[in-house]
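The next block holds one structure in the form of structure tokens; read it before the comments.
The values are calculated or read from the model by the stated rules, or taken from the named source; none is laboratory data. For clarity, every value in this text was computed on a predicted model and none was experimentally measured. For neighbour counting, all protein chains shown are included, and Cβ atoms are generated from backbone atoms with ideal geometry for every residue, glycine included. These accessible areas exclude ligands, DNA and RNA; they are computed on the full protein's heavy atoms, side chains included. Shrake-Rupley method; radii C 1.70, N 1.55, O 1.52, S 1.80 Å.
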Amino acid sequence: DNFLVCKGHKSAVVDLHWTTDGDHIVTASPDKTVRVWDVQAGGIQVKKWAEHQGFVNACSPARRGHPLFVSGSDDGTAKIWDQRRKRSIHTCQETYQVTSVSFSDQTDLVFTAGLENVVKVWDMRKYEVLYELKGHSDTITGMSLSHDGNFLLTNAADDTLRVWDVRPFCSAQSRCTRVLTGHVHTFEKNLLKCAWSKDDTKVTAGSGDALVNIWDVGTGSLLYKLPGHQGSVNEAVFHPREKILGSCGTDGKIFLGEVDL
């Protein structure tokens, strides 16, 4: 049986994240809304933000500090939201659709990416672009910040995963520390996500060939290609404590598999 059901969106739910305390869920939808749900209160909707003018492709909660959220939309904006307020507190204007967003670990930066093939890093104090992460040659479909907050993982339609050093005092010429290959994006153009293992040594990503891929970040080697799905794997995530990987696909199925990491 379901633990609870959150009802309200008028279209598909395309992105979902838990807040750090585990009390709330934030969701994004093509119905042009970002919503926050209180899990402890039975899954009731506590916030509905409807300022976006296009499909909302991605959302992400802040890890610490105030209850902030960021969302990215086809309207070419990323919006910052405070759960205590009725309207967005800032809009980051982009040229093209925004397909992926995230906060930095300290919530002082916002990462946005999309059809421009670059990751823009916004300073939350000035709301200006601090720098850009360039290297992908096609749309960035997903991103994930490492648990220690030092590295950003991006998945793009150029069939690469890239690991970026986002520490404030990175002295390297290029912040890209690793390029990982082995997964594919197909004609479906799904927004395939990516994720880190609990110890930040492995990563996984969605793939259009129905396989779940796992890489070793240190060596760059592809460790596993796990079958089972009958359609595009849109997202895969590591269990926070156990050696279990969860994946979901366009075949309408969720797989939980035990992996030796």
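Summary table
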item: Selection status of L191, within 18 Å of S104 (Cβ to Cβ) and not charged (D, E, K, R); result: no
item: Residues of region 110-121 that turn out to be assigned to a strand (DSSP E or B) and either without any contact (Cβ under 8 Å) to a residue 12 or more places away in the chain or open to solvent by 20 Å² or more (accessible area, probe 1.4 Å) (or both), as a count; result: 1
item: Hits in region 134-144 (condition: surrounded by 22 or more Cβ atoms within 10 Å (Cβ to Cβ) and either assigned to a loop (DSSP other than H, G, I, E, B) or not small (G, A, S) (or both)); result: H136, I140, T141, M143
item: Conditions (1) at pLDDT below 95; (2) open to solvent by 50 Å² or more (accessible area, probe 1.4 Å); (3) out of contact with any Lys or Arg (no Cβ under 6 Å at 6 or more places or on another chain); (4) not basic (K, R); number of the one not met by D251; result: (2)
item: Candidates S71, S104, filtered to the one that is in contact with a Cys (Cβ under 7 Å, 6 or more places away or on another chain), surrounded by 13 or more Cβ atoms within 10 Å (Cβ to Cβ) and of a type in the set (S, T, N, Q); result: S71
item: Enumeration of residues in region 180-211 that are of a type in the set (A, V, I, L, M, F, W, C) and either more than 15 Å from G142 (Cα to Cα) or in a loop (DSSP other than H, G, I, E, B) (or both); result: V184, F187, L191, L192, A210, L211
item: Every pair of residues 6+ apart whose Cβ atoms lie under 6 Å, when the first sits in region 85-96 and is surrounded by 11 or more Cβ atoms within 10 Å (Cβ to Cβ) while the second is modelled with pLDDT under 95; result: H90/Y127
item: Restricting region 157-213 to residues that are among the β-branched types (V, I, T), crowded, with 19+ Cβ neighbours inside 10 Å and farther than 18 Å from L133 by Cβ, the residue that is nearest to the chain's Cα centre (by Cα); result: T204
item: Identity of the residue in region 163-179, outside any loop (DSSP other than H, G, I, E, B) and of a type outside the set (F, W, Y), that ends up nearest to T219 (Cα to Cα); result: R178
item: Residue check, L261 of a type in the set (A, V, I, L, M), touching a strand residue (DSSP E or B) at 6+ places or on another chain (Cβ under 8 Å), outside any loop (DSSP other than H, G, I, E, B) and open to solvent by 60 Å² or more (accessible area, probe 1.4 Å); result: no
item: Residue check for E242: touching a residue at least 60 places away in the same chain (Cβ under 8 Å) and open to solvent by 20 Å² or more (accessible area, probe 1.4 Å); result: no
item: Candidates D1, D38, filtered to the one that is open to solvent by 10 Å² or more (accessible area, probe 1.4 Å), at pLDDT 95 or above, more than 17 Å from the chain's Cα centre (by Cα) and charged (D, E, K, R); result: D38
item: Search result, residues across region 39-85 that are in a loop (DSSP other than H, G, I, E, B), in contact with a Phe, Trp or Tyr (Cβ under 8 Å, 6 or more places away or on another chain) and among the basic types (K, R); result: R63
item: Candidates Y131, Y127, Y96 - the one that is out of contact with any Ser or Thr (no Cβ under 8 Å at 6 or more places or on another chain), hydroxyl-bearing (S, T, Y) and under 23 Å from A12 (Cβ atoms); result: Y96
